[in-house]
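Okay, so here's the structure we're looking at.
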Amino acid sequence: MTATAAVLDRLAELAQLGAWEGGIDRALFSAADRTARERFADWARRSGLELAQDRSGNVFARRAGEPGRAPILFGSHLDTVRTGGPYDGAYGVVAALGAIELLRARGIATVHPLEAVAWAGEEGSRFALGCLGSGAFAGLNAQTTIDALVDADGTTFAAARDGATGLLPGVGLRADEIPAAYLELHVEQGPVLEHAGARLGVVTAIAGQARHAIVVSGESGHAGTVPMTQRSDALVAVAEMISALDAAVRETGDAVLTVGKLDVEPNQTNVIPARVTFRTDARSVDDARIDALTERLHALAAAARAHRGVDIRIDLLERRAAVAMDPVLRACVRSAVGALDPSAPDLPSGAGHDAMCVATIAPAAMIFVPSIGGQSHVAGERTAPADLELGVEALARALVEVDRALR
Ligand code: GLV
Ligand code: MN
Ligand code: MN
């Protein structure tokens with residue numbers, strides 16, 4: 001079997017892990033996530049790569065280069081959102097191994113060590129911090145802060161990591177070493193490449209993000225007896241805030257904002273909502289637009305306090321600045337991708353990626369393959385198998401270009 005065909009087989013194997021009727025649920029340090037990391041480690045061992053992990057759950061597989069050279073690092077994440085598809089993250093991880101195997105099969109050696117990585121907890125779906133593993137690797141979040149994170153069941157990150165489905169047994173800790181460069185291959189997760197009729201894309205920048213948790217407290221009561229004029233209904237206040245935020249982001253332009261999580265208490269048909277907790281996720285490649293939306297959120301909260309008699313607490317969960325891809329690496333990617341698909345466009349990424357964290361310590365660039373119907377974070381996420389294979393070829397060629405450019 002060719003190295004690119006093996007990528008498809010391995011992706012099909014990973015797609016079984018955490019599968020349920022709503023998609024793939026592979027939360028960090030779940031049994032499914034642990035098995036996925038074990039598979040990655042097995043495949044890497046069988047390919048003769050040197051394995052390591054770190055205290056955040058990131059797993060690394062390295063092919064040696066010349067002594068004294070920092071590695072070229074490349075990969076993506078193995079965790080998913082609760083309704084994930086088979087490729088968001090997993091593709092970039094499996095393709096990283098595939099690219100090393102492809103170069104080996106062709107007898108191509110590199111000066112820099114080649115290091116494939118499976119990042120831990122990119123989605124923030126279990127512990128409310130996106131790019132958790134890559135952020136720790138880049139020193140953006142202290143390990144002590146990460147260790148203290150708590151999931152919805154009250155389990156800390158440290159307890160999950162040190163538990164039965166945590167770190168891999170028998171795999172040593174990676175020595176601290178800053179990579180010479182970072183590459184990430186990912187499905188686009190949007191419709192741009194498909195609409196352009198392209199099979200590959202070169203990422204220009206990754207949108208910045210601000211995520212907030214908002215708790216709105218009103219006054220509960222009987223749904224039949226409290227007059228409308230005497231209510232402090234937390235959900236009505238939240239409904240007004242969300243629709244005003246939706247209008248604000250449309251007015252701002254070149255930005256998106258989502259409220260994807262909302263919890264109502266006590267969540268009973270005939271009880272006035274006492275407390276609503278929701279989260280906002282705002283993104284743009286222009287950080288000023290994100291900051292303007294954050295200001296708007298605070299202004300809307302002040303208005304709701306005044307007009308609806310509710311208390312509101314707003315906590316910033318995370319703020320990641322927009323990141324431009326490194327020009328030298330981007331040129332390498334452009335050269336590799338352009339030879340395979342002359343129609344490949346440049347495009348920004350609205351989705352967040354581990355590359356945005358690694359870019360703070362090393363030059364970084366990304367390659368996209370198309371998503372059918374632009375679908376992602378849903379069970380129906382698909383990419384044509386031939387495009388998945390072409391992406392691995394593009395990554396392998398880009399690695400050779402980067403190896404040369406950084407000599
Ligand atoms: C991760 O997929 C994100 O963009 O939220
Ligand atoms: Mn995702
Ligand atoms: Mn992803």
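Table for the structure above
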| quantity | calculated |
| --- | --- |
| Contact order normalised by residue count of the chain, Cα under 8 Å, 6+ apart, percent | 23 |
| Spread of Cα-to-Cα distances over 20 Å intervals beginning at zero, given as percent, for the chain | 27, 54, 17, 2 |
| Share of carbon and sulfur in the accessible heavy-atom surface of the chain [1.4 Å probe, %] | 52 |
| Net +/- balance of residues flanking GLY208 in space, Cβ distance below 13 Å, scoring K and R +1, D and E -1 | -1 |
| Rounded accessible area per residue of the range 96-135, 1.4 Å, Å² | 22 |
| Charged-residue dipole, Cβ positions (Lys, Arg, Asp, Glu), the range 1-118 about Cα centre, Debye nearest 20 | 320 |
| Nearest 10 degrees, 0 to 90: helix 3-15 Cα axis against the chain principal axis | 30 |
| Cα pair distances in the range 306-347, grouped into 5 Å bins until the bin that holds the longest one, percent each | 5, 14, 15, 11, 8, 8, 7, 6, 7, 6, 7, 5, 0 |
| For the chain, built as a Gaussian network whose Cα springs stay under 10 Å, the top-fluctuating residue of GLY57, GLY224, GLY190 | GLY224 |
| Surface accessible to a 1.4 Å probe, per residue, for the residues of the range 164-206, Å² | 40 |
| Positive-end residue of GLY253, LEU235, ALA302, charge dipole of the range 189-305 with Cβ unit charges | LEU235 |
| Nearest-20 debye value, the range 132-277 charge dipole, Cβ charges on Lys, Arg, Asp, Glu | 60 |
| Contour minus Cα-Cα distance for ASP42 and ALA299 (0.36 nm per residue) | 87.3 nm |
| Signed unit charges on C-beta, dipole axis of the chain, positive-most listed residue ALA198, SER47, ALA160 | SER47 |
| Angle between the chain longest axis and helix 234-252 axis [Cα atoms, degrees, rounded to 10] | 50 |
| Anisotropy class of the range 319-397 from Cα gyration tensor, a/c 1.5 cut | oblate |
| Segment ALA12-ALA306, extension gain: residue separation times 0.36 nm, minus the distance between their alpha carbons | 100.5 nm |
| Size of electric dipole in the chain: Cβ of Lys, Arg +1 and of Asp, Glu -1, about Cα centre, debye, nearest 20 | 400 |
| Solvent-accessible area per residue for the range 327-407 (1.4 angstrom probe, square angstrom) | 35 |
| Net charge contributed by nearby residues that have their C-beta within less than 15 Å of GLY221 (K/R +1, D/E -1) | 0 |
| Charge tally in the Cβ shell below 12 Å around ALA292, where Lys, Arg are +1 and Asp, Glu are -1, ALA292 excluded | -4 |
| The range 118-159: proportion of alpha-carbon pairs further apart than 14 angstrom, % | 41 |
| Using alpha-carbon coordinates, inclination of helix 287-308 to the longest axis of the chain, degrees | 20 |
| Label-point separation in nm, THR156 to ILE361, each point 7 Å along Cα→Cβ | 2.3 |
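The values are calculated or read from the model by the stated rules, or taken from the named source; none is laboratory data. None of the values given here were measured: they were computed from a predicted structure. Positions of Cβ are backbone-derived with ideal geometry, glycine not excepted, and every protein chain shown enters the neighbour counts. These accessible areas exclude ligands, DNA and RNA; they are computed on the full protein's heavy atoms, side chains included. Shrake-Rupley method; radii C 1.70, N 1.55, O 1.52, S 1.80 Å.
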